[in-house]
Amino acid sequence: GRMAQDMTEKELLKMELDQLKKEVKNERQMVSKTGKEIKEYIESMAGEDPLLKGVPEDKNPFKEKGGCTIS
């Protein structure tokens, strides 16, 4: 795909129209219903969430291997 700034206005409008054609097929639901379901799901998974409970040092692939000392 080309970058949007390299496309003509007609190409951009066609791309937007194609996207809207896809989106109009999406099943819609009331936010009052789905919001509650999302909240319940998040709360049920909170115990497994590494962003909430952290990652044990020995299981963290991104921890720094060594330190750096400035003297």
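Of note:
- Verdict on residue 49 being charged (D, E, K, R) and touching a helix residue (DSSP H, G or I) at 6+ places or on another chain (Cβ under 9 Å): yes
- Filter result for residue 49 (out of contact with any Pro (no Cβ under 9 Å at 6 or more places or on another chain), exposed (fewer than 10 other Cβ atoms within 10 Å of the Cβ) and of a type in the set (Asp, Glu)): no
- Residues (part of a loop (DSSP other than H, G, I, E, B) and not polar (S, T, N, Q)) located in segment 1-55: 1, 2, 3, 7, 24, 25, 27, 28, 30, 49, 54, 55
No value in this document is a laboratory result; all are computed from the given coordinates. Note that this is a predicted model, so its numbers are computed, not measured. Here Cβ is always computed from backbone atoms with ideal geometry, including for glycine, and neighbour counts include all displayed protein chains.
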